[in-house]
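One structure is given below, encoded as structure tokens.
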Amino acid sequence: MPADLPAWLGAGFIILGFGWLLARLGLVEIARAVATRSQQAMAVMRNPALDDDAKEALMQAAAKAMFALFFKLTAGLGAALALPMLLVWAVGQAGLVSFDRVIEVSLTWPFLLAGVGVFIAVAMLGRRQTAAKASAASGFENNYGWLDRLLHRLAFSTGALQLDFAEGEDRKLRQRIGNIEPRPPLFITALPRAGTTLLLDRFAELPEFATHTYRDMPFVLVPNLWSRISGGFQQEDVKRERAHGDGMLVGLDSPEAFEEMIWHAFAPERYSGADLKVWPDTLPDEQRDRLAGHMLQIAELRRPGHAATTRYASKNNLNIVRIGLLAQAFPDADIVVPFREPVQHAASLLRQHQNFLAVHARDDFTRSYMAGVGHFDFGASLKPVDFDDWLASTPHRDPLTLDFWLAYWIAAYTHLLDSHGNRIILVGHEALCANPAQVMTALAARLQLADPAGFVASGADIRDSTARPVPTDGVDPALLAAAAALHERLLAAALK
């Protein structure tokens with residue numbers, strides 16, 4: 001073997017490793033974003049239609065965004081160069097190659113030119129991939145870079161620590177606004193695909209309510225602290241289609257369901273099994289106080305200076321396991337439960353389960369993300385709720401069949417109606433879509449909203465739902481009959 005061959009191989013490994021990491025870490029896209037921001041800033045400075053104050057405000061926003069991008073780019077470039085060099089250094093420690101000689105070879109002009117060539121090749125490949133992504137529907141797994149994923153994984157593994165920080169944040173907030181109770185909270189809950197997001201979006205438009213948004217991620221338990229830390233790095237709100245593939249667009253300021261992360265921090269042992277159980281109807285005083293403090297934090301974060309007059313609103317599908325607990329802890333709370341025609345609902349659940357099985361197979365981070373935020377509704381993360389031990393008695397255990405989801409629907413809404421029928425407000429999804437003004441007027445009156453007219457007006461764009469044909473030839477007839485009878489009971493108890 002020629003004397004210099006190991007050094008040349010080591011230098012080649014560094015160049016190739018650097019190029020591979022450039023692509024994997026998305027550094028070319030970040031560099032491109034820096035250039036775009038710079039061009040936008042120059043355009044602002046040259047724009048004669050803007051006065052000095054407007055230019056200053058826009059330039060400050062651009063500077064914050066540029067700083068965040070430079071931080072990501074610098075950290076990424078450092079990692080892309082350091083990791084392959086570290087591996088070569090480790091090989092050098094074993095005496096197989098001289099690390100100093102590898103560095104000498106890497107700094108010769110042939111290898112410097114090779115490095116430039118690798119960067120150009122990665123940039124061209126990145127441009128093609130970016131164009132391909134832009135022309136296709138954006139999938140969940142394309143929306144999170146390596147640094148975002150790292151922060152999420154850190155947040156998901158530090159729930160207990162965040163609770164400790166949250167206690168200090170609660171004390172600071174109460175020192176400012178007084179030791180007050182949150183206004184009556186609003187909990188929207190149901191099986192997924194029942195129209196909970198539709199309702200949450202309408203309530204979130206009212207100044208009366210404050211909700212979680214995507215900006216609270218990933219450190220949901222300490223929203224005020226995270227807002228202060230991330231304020232200088234916040235991105236513009238660009239809406240994308242959510243992972244359900246249902247055409248609904250979400251952005252950083254969109255309301256969303258992240259409350260389950262708090263419950264997971266309270267009792268992580270409840271999530272360890274293959275299914276989930278209904279919680280007891282009492283909440284320890286310490287946890288109740290922490291949840292009340294969290295509601296006030298969200299209210300103050302969304303409406304600074306108005307926490308005492310703002311209602312916390314959450315959409316959390318898994319609150320169906322805590323109806324009794326929520327009613328005991330917050331007797332003045334409103335609990336809204338939407339429902340759909342059972343066959344249509346079960347078919348939608350089945351489609352989403354199949355969709356997320358495919359998504360989780362493509363990207364393991366999506367699965368860990370959903371588990372981290374408490375979404376065990378579909379895909380590889382599925383953990384059905386065992387209402388009244390229905391899983392032990394049903395023969396329909398395969399979630400790839402319509403029978404399973406129909407049996408699940410029956411178990412869920414039977415439990416809700418029989419155990420909590422006098423405490424929940426039932427809203428028929430089909431009735432809401434067919435007559436939004438009528439149903440929303442009734443709902444506004446039931447909730448005693450401060451701006452009922454504004455709430456009703458927010459439903460002007462709700463369109464009548466279109467039922468999809470669902471073949472039921474092979475479905476258990478007993479399930480179909482039981483679901484139809486239960487649906488009639490729900491309709492009779494729902495808002496008119």
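Things to note:
- Length added when fully stretched, ARG174-SER465, from 0.36 nm per residue minus Cα-Cα: 100.3 nm
- Three-way shape label, region 422-471, alpha-carbon gyration tensor, a/c 1.5: oblate
- Residues whose amide H lies under 5 Å from that of ARG311, counting only those 5 or more places away or on a different chain, are PHE209, ALA210; hydrogens are built 1.01 Å from N in the peptide plane.
- At full extension, ILE229 and ALA392 could sit 53.9 nm farther apart than now, given 0.36 nm per residue minus the alpha carbon distance.
- Cβ-Cβ FRET estimate between LYS383 and ALA358, R0 fixed at 22 Å, reported to 0.05: 0.70
- Between ALA478 and PHE165, the C-beta separation translates, for a Förster distance of 51 Å, into a calculated FRET efficiency of about 0.50.
- Each label was represented as a point 7 Å from its Cα along the Cα-to-Cβ direction; for LEU5 and GLU104 these points are 1.9 nm apart.
- Calculated FRET efficiency for the pair ARG423/ALA485, C-beta based, R₀ 25 Å, to 0.05: 0.65
- In a fully extended conformation the segment linking ASP289 and GLN448 would gain 54.7 nm over its present Cα-Cα distance, using 0.36 nm per residue.
- Cα→Cβ-extended label distance, 7 Å offset, between GLN93 and ALA457, nm: 6.8
Throughout, read-outs are computed from the coordinates displayed, never taken from laboratory work. Predicted model only: the values in this text are computed from it and were never measured. All Cβ positions, glycine included, derive from the backbone under ideal geometry; neighbour counts span all protein chains shown.
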